[in-house]
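Worksheet for the structure shown next.
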Amino acid sequence: MKRKLKTLFFLITIALIGIVALQVYWSVNAYRVTKTKFDADVDIAMQNAMDDCKKDYFDSVRVVLVKRFSDTSLFKFRIDTLHEQDTVHKQLSIYITDADTTKQIGVFYRPSPFHLTSNQYDYYRAMVKTKKPSMVQVLVEASFYMPFLRQTLMGILSVDDLKDHWAETQAFLKTHSNIPHDTIFARHMEKQYGIYALPPNYEQADSIKLRHYLCEELNKLHLNPAFNFRFSPNHTTPNKLTSTYSETNEYTYKYFGFVPLDMSGRPFFARATFGKAQFTVLYKIMAPLLLTLLLILFTIYCFNYIIRLVIHQKKLGELKDDFINNMTHELKTPIATISVAIEGLQNFNALNDAEKTRRYLQTSRTELLKLDNLVTKVLNIAAFENKDVDLIKEEINVDEMMSELISANKLKVNKKIEITYLNRDDIKTIYADRLHFGNVLNNIIDNAIKYSKEPVKVDIFVFKEGGNILFSVKDNGIGIPQDQIKLIFDKFHRIPTGNVHNVKGTGLGLSYARYIAIAHGGTISVKSETNNGSEFIVSIPLKNG
Ligand code: ADP
């Protein structure tokens, strides 16, 4: 059995290691796959965030352009249809002039009329989101797709900006008379006013905008990782992605200022970095991970349950063997004694000797009583297990019951025994089942004698404590090891020490005693030390509390 148990233990350990290893393998793989997807997802989010910034930027440029050109006190738009004969692609010429002709914008810059077909015009008109777009709105929309128109509009605005800095510009031109007038724009840009102005802290502001859009994009992907940006005026080399670190590709950010893209210059390069990607990745696979953990715990629980069950069965098997051995002995001894007595009566003419006959019959009677006791013990425990027994409680005289028990036990064995009895609180009666409660005390006194070496000394005290009556049986016997104290009240349990092999028993006495004590609303307990004797205390409630 022991070998089989070892094999079972070994097999279960192997199975458990296998299951755990497999689960760990799958979990690590799941982490890797999810991390790779995370890397791709954050890059897509960054691209989208860049697109969002770009769209945002163009929207704001569009709003400013429309606002400024819609100011009729500043600009006038005039459309001429040049080629009336071309009915399919009607050519439109668009003139943009100063509203106030005294302040001709053509001082420095004379825009030639801008041409586009009526089809083109309708096309861009349809692109404007508002219901009935004005001409300015259509032209502004078209300017995003027609570089020449865009430059024209920018030129007009920049010249318009110059009007506010007229004196300054003239002074500049005087000192730089050798430069062509066109370079006024260079000067203009250098000064950074009007449409060439950049907002203060624009890089910081734009990083906030980018952060905002990236957060939004990550949210759309149900991701919520902590991230930083790596901004640089130049290209940067990518860092190596690890299991806990992620970063996106590098993107050019140039969506600041008013003058679009290429003209505004100074782009910067941005990457988003995720230093603690593992938290987000683990969060993503949390559910399967938890299930895996639960599965492992459940498997461990099941295996543990199987092992405990097998050990319990093994113990039961051992207890059964012990029990059969002990019972065989306990049954055989009286049967053998009775056989010998009867044989004596039959063969050795003992029937003629009245004294011998009486002795043999007495011996047989005593042995039969022992047998009866034994059978009752076994039946009692079975009955109590099935809860078949009803206690018949009655008033019992304590001193009478105890003196009967003491004298019966003194006679039972051929040992030198000294039993003292003290009714400390002079308790007259108890309310209990005479037969069963008597059996309990009898078992305990019997054990005290059985498990003590000569000369046996047993002290019995009866006293009150709280609302209970306590019976204490103290011996000077072999004692009980601490680890066994909890077990001796279990059915069939006998302490497996070498030195008590000679003491026979069923292992049922104390378990029966505990049943009875509890059935009386009481308890049974023991204090003991190896080689230092034991004290069993049975407590039952006083009849009237
Ligand atoms: P048994 O028929 O074996 O005596 P019990 O249920 O009465 O069965 O007792 C269970 C075990 O507790 C005994 O086998 C014995 O090892 C231990 N035991 C009981 N009483 C004493 C005692 N007074 N001193 C030492 N050991 C005891």
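The values are calculated or read from the model by the stated rules, or taken from the named source; none is laboratory data. Only a predicted model underlies this, so the values are computations on that prediction, with no experimental measurement involved. Every residue, glycine as well, gets a Cβ built from its backbone with ideal geometry; the counts of neighbours run over all protein chains shown. In case anyone asks, the SASA skips ligands and DNA or RNA and just uses the protein heavy atoms, side chains included. Shrake-Rupley method; radii C 1.70, N 1.55, O 1.52, S 1.80 Å.
Would it be correct to say that VAL33 is in a helix (DSSP H, G or I), open to solvent by 80 Å² or more (accessible area, probe 1.4 Å) and modelled with pLDDT of 95 or more? Yes, satisfied. Can you say whether TYR431 is more than 8 Å from the ligand (Cβ to nearest atom), in contact with a helix residue (DSSP H, G or I) (Cβ under 6 Å, 6 or more places away or on another chain), open to solvent by 40 Å² or more (accessible area, probe 1.4 Å) and of a type in the set (Ser, Thr, Tyr), as far as the supplied structure shows? Answer is no for this residue. Scanning segment 203-216 for residues that are among the acidic types (Asp, Glu) and open to solvent by 90 Å² or more (accessible area, probe 1.4 Å) yields one hit, GLU203. Looking across segment 217-230, the residues that are closer than 19 Å to CYS53 by Cβ and open to solvent by 80 Å² or more (accessible area, probe 1.4 Å) come down to ASN219, LYS220, ASN228.
Residue under question is VAL538, and the condition is that it be in a strand (DSSP E or B) and near the ligand (Cβ under 9 Å from one of its atoms); does it hold? Considered against the rule, which asks whether it is in a strand (DSSP E or B) and near the ligand (Cβ under 9 Å from one of its atoms), VAL538 comes out as no. Counting only residues that are within 9 Å of the ligand (Cβ to nearest atom) and in a strand (DSSP E or B), segment 504-535 holds 4 of them. Taking every residue in segment 515-531 that is within 28 Å of ALA382 (Cβ to Cβ) and pairing it with any residue that is part of a loop (DSSP other than H, G, I, E, B) and among the hydroxyl-bearing types (Ser, Thr, Tyr), at least 6 positions away or on another chain, yields no pair with a Cβ-Cβ distance below 6 Å. When segment 334-365 is examined, which residues are found to be of a type in the set (Phe, Trp, Tyr) and in contact with a Gly (Cβ under 9 Å, 6 or more places away or on another chain)? The one that is of a type in the set (Phe, Trp, Tyr) and in contact with a Gly (Cβ under 9 Å, 6 or more places away or on another chain): TYR360.
Every test in (1) open to solvent by 50 Å² or more (accessible area, probe 1.4 Å); (2) not in a helix (DSSP H, G or I) is passed by LEU291 save one, and that test is (2). In the condition set (1) in contact with a helix residue (DSSP H, G or I) (Cβ under 7 Å, 6 or more places away or on another chain); (2) open to solvent by 50 Å² or more (accessible area, probe 1.4 Å); (3) within 16 Å of the ligand (Cβ to nearest atom), TYR421 is compliant with all but (3).
If only residues of segment 444-496 that are part of a strand (DSSP E or B) and over 21 Å from SER539 (Cα atoms) are counted, the one that is farthest from the ligand (Cβ to nearest atom) is LYS457.
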